[in-house]
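First the structure, in the form of structure tokens, and then the observations on it.
The values are calculated or read from the model by the stated rules, or taken from the named source; none is laboratory data. These numbers come from a predicted model, not from an experiment. So basically every Cβ, Gly included, is an ideal-geometry build from the backbone, and we count neighbours across all protein chains shown.
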Amino acid sequence: MKKTSFIEGAFIATASVIICKILGLIYVIPFYDIIGNQGGALYSYAYEIYSIFLSLSTVGIPTAISKLISEYNALDMQHLKERAYKMGSRCLVLLGLIGFILMFVFAKDIAFMIKGDEVDGNSVESIAMVIRFISTALLVVPILSVKRGYLQGHKYMLPSQLSAVIEQLVRVIIVVLGSFLALKVFNLGLTASVSVAVLGASIGALVAYFYVSYKLSKNKSKFKIVKEESLEEKKVSNKSLFKKIVFYAMPFVLIDIVKSSYSVVDLFTIVRTLTNLGYPVLDAENVIGVISTWASKLNMIVISISIGITASLIPNIMPSFVKKDFKDVGKKINSALMVLVILTIPMTVGLSFLSYPVWNAFYGYDEIGVSLFRIYIFLGITLSFQSVLVDSAQIMNNTKLSFGSLFIGFVIKLCLNVPMINLFNSLGLKAYYGSSVASLISQSATILFLLWQLNRCYGINYFKTFKVLLKTVLACGVMVLGLCLLNILLPISGGSRMYSIFICGVYALVGMVIYFACMLKLKAIPYINSLKDIKNFRQKIKE
């Protein structure tokens, strides 16, 4: 195992996330064919509830441990670092068990809150069964997360991220093979098929847990404490250390809960609102399936970039913040934002332009899926920026800013969701566009508020990032114009799945060439001060 710099860590984390998301994208094609729209909605119900309980069961401890280890390493407090890790591990075992029991016991009550008295579509009993199956993941995922946080806090990004790839690979195999055998071979029904699929989360996490444990055991010497416990460390009691873990962890869980609440608002409002407007229940559940599962999988192509950057931000910003080097903090945040601007915006614009062939390639043609994805994909941009900015504020212990900004966005989403659905319906547009537009408005408000506050509190200047943004928008405009001209010669709509895959490949290649040619002509890419780091990183890989 080797320690990594910020840029190296960001590349490793981003590469890991991209691999995981590619696996996630590959499996949804056969999985969608196996379980269909109704199964997708059932799968979504379980995962949305699980994400809430996972946040409650971990209470932000894995991220807090990563943050504490980075801090104590910078201060050379090795004994205190180990005590924090062990204490966090014990807490997570207990919390995971409590979360599992609550989710398992109250599964039927949760299912009724989602579905109500509707008899069409998935039943309350089916939703409850799937929720119980996925609850088993709470016995493994929390403790796995804290072990990853321990490695990331020491800047060992590779084994941590490799474990994520292993976890995803195992999960994908269980999801596809398990659901196929349950439904097509043993004829156990749709509910059993989806139940086996969600069980993949538990099995994948268990395999990854054994891998991380093995790496930690094999490399004990890298974490060996070589100095005596200092007087300053002895003064810190276990009670004080626990309070600090809670102080660091609670904001992260509040943030995770608020983030998850965006989708929970959709979960509890879309189906009922659309059916009240006259949409069939199956169409309304299809919308939920698209938003929560199928389109979200495609959105992760864009969002994976921010996840990788955020994973590397924590152990790299924290030492600079502890040393009060706000100039370096601002430099790293701006580097992260510029990477997001240059990569996420053209990817999102391109995917929106290619919504028909992309959706047809993965899932086959579906009018609701294609039309909704064309707008929903832009949430990839807002979610990416929101994630990096919120985590940046939280790393610097500004809980009020990170939580407050998300809460403002959540309130806007809560207030706008149903009215926007009704507004779009009254305008003669697709009513289900309203929820995505409400999300875009609320997340954009969060981003603007965070940018303003980070500038006001820490003096972070975004001039270079804004300059790159303008050039990126211009390059994207040229790219879209070029793709429109190509569409005259090679139409993007119609045809089989193979034709759609061919179209996606051709348009992606042409779009990238046009975009990066424009960016180089506009001299936008050199603004990222990481080209030398990338070269050094490639040399290290060859070694």
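Among the residues of the stretch 405-429, which ones are surrounded by fewer than 17 Cβ atoms within 10 Å (Cβ to Cβ) and farther than 12 Å from Thr273 by Cβ?
Phe407, Ile408, Val411, Leu414, Cys415, Ser426, Leu427, Gly428, Leu429
Looking only at the stretch 139-176, which residues are under 20 Å from Ile18 (Cα atoms), of a type in the set (Lys, Arg) and in a helix (DSSP H, G or I)?
Arg148, Arg171
Quick one: which residue in Ala361, Ala393, Ala431, Ala445 is within 30 Å of Cys504 (Cα to Cα), in a helix (DSSP H, G or I) and hydrophobic (A, V, I, L, M, F, W, C)?
Selected residue: Ala361, the only one of Ala361, Ala393, Ala431, Ala445 that is within 30 Å of Cys504 (Cα to Cα), in a helix (DSSP H, G or I) and hydrophobic (A, V, I, L, M, F, W, C).
Residue under question is Leu138, and the condition is that it be buried (at least 23 other Cβ atoms within 10 Å of the Cβ), modelled with pLDDT of 85 or more and within 30 Å of Ala284 (Cβ to Cβ); does it hold?
yes
Any residue that is without any contact (Cβ under 8 Å) to a residue 40 or more places away in the chain and hydrophobic (A, V, I, L, M, F, W, C) - is there at least one of those in the stretch 361-371?
Looking for residues that are without any contact (Cβ under 8 Å) to a residue 40 or more places away in the chain and hydrophobic (A, V, I, L, M, F, W, C), one finds at least one in the stretch 361-371, hence yes.
Tell me which of these Ser221 doesn't satisfy, since it passes every other one: (1) among the small types (Gly, Ala, Ser); (2) modelled with pLDDT under 80; (3) buried (at least 20 other Cβ atoms within 10 Å of the Cβ).
(3)
Answer yes or no: is there a residue in the stretch 8-15 that is among the charged types (D, E, K, R), out of contact with any strand residue (DSSP E or B) (no Cβ under 8 Å at 6 or more places or on another chain), at pLDDT below 70 and assigned to a helix (DSSP H, G or I).
yes
Can you tell me which residue in the stretch 147-188 is surrounded by the fewest Cβ atoms within 10 Å (Cβ to Cβ), limited to those that are more than 15 Å from Tyr32 (Cα to Cα) and of a type in the set (Gly, Ala, Ser)?
Step by step, filter the stretch 147-188, then rank; the result is Ala164.
Quickly run through the stretch 65-99 and pick out the residues that are within 16 Å of Ile134 (Cβ to Cβ) and surrounded by 21 or more Cβ atoms within 10 Å (Cβ to Cβ).
Selection gives Gly96, Gly99.
Looking at the stretch 462-499 only, could you name the residues that are over 28 Å from Leu522 (Cα atoms), in a helix (DSSP H, G or I) and not hydrophobic (A, V, I, L, M, F, W, C)?
Passing the criteria: Arg497, Tyr499.
In the stretch 487-507, is there at least one residue being closer than 29 Å to Gln386 by Cα, loosely packed, with under 14 Cβ neighbours inside 10 Å and out of contact with any Pro (no Cβ under 7 Å at 6 or more places or on another chain)?
No, the stretch 487-507 contains no residue that is closer than 29 Å to Gln386 by Cα, loosely packed, with under 14 Cβ neighbours inside 10 Å and out of contact with any Pro (no Cβ under 7 Å at 6 or more places or on another chain).
Which one of these does Gly204 not meet: (1) modelled with pLDDT under 90; (2) touching a Lys or Arg at 6+ places or on another chain (Cβ under 9 Å); (3) of a type in the set (Gly, Ala, Ser)?
All conditions are met except number (1).
Let me confirm something: among Ser179, Ser217, Ser221, which residue is touching a Phe, Trp or Tyr at 6+ places or on another chain (Cβ under 8 Å), among the hydroxyl-bearing types (Ser, Thr, Tyr) and not in a loop (DSSP other than H, G, I, E, B)?
Exactly one of Ser179, Ser217, Ser221 is touching a Phe, Trp or Tyr at 6+ places or on another chain (Cβ under 8 Å), among the hydroxyl-bearing types (Ser, Thr, Tyr) and not in a loop (DSSP other than H, G, I, E, B), namely Ser179.
Return yes when Phe466 is surrounded by fewer than 22 Cβ atoms within 10 Å (Cβ to Cβ) and modelled with pLDDT under 90 and no when it is not.
Spelling it out, it is not the case that Phe466 is surrounded by fewer than 22 Cβ atoms within 10 Å (Cβ to Cβ) and modelled with pLDDT under 90.
On the basis of being under 28 Å from the mean Cα position of the chain (by Cα) and at pLDDT 90 or above, does Leu490 make the cut?
Against the criterion (under 28 Å from the mean Cα position of the chain (by Cα) and at pLDDT 90 or above), Leu490 does not qualify.
Residue under question is Ile19, and the condition is that it be surrounded by fewer than 21 Cβ atoms within 10 Å (Cβ to Cβ), more than 20 Å from Pro159 (Cα to Cα) and touching a residue at least 12 places away in the same chain (Cβ under 8 Å); does it hold?
In short, no.
Answer with yes or no whether Val212 is in a helix (DSSP H, G or I), touching a Gly at 6+ places or on another chain (Cβ under 7 Å) and touching a residue at least 60 places away in the same chain (Cβ under 8 Å).
Judged against the criteria, Val212 is not a match.
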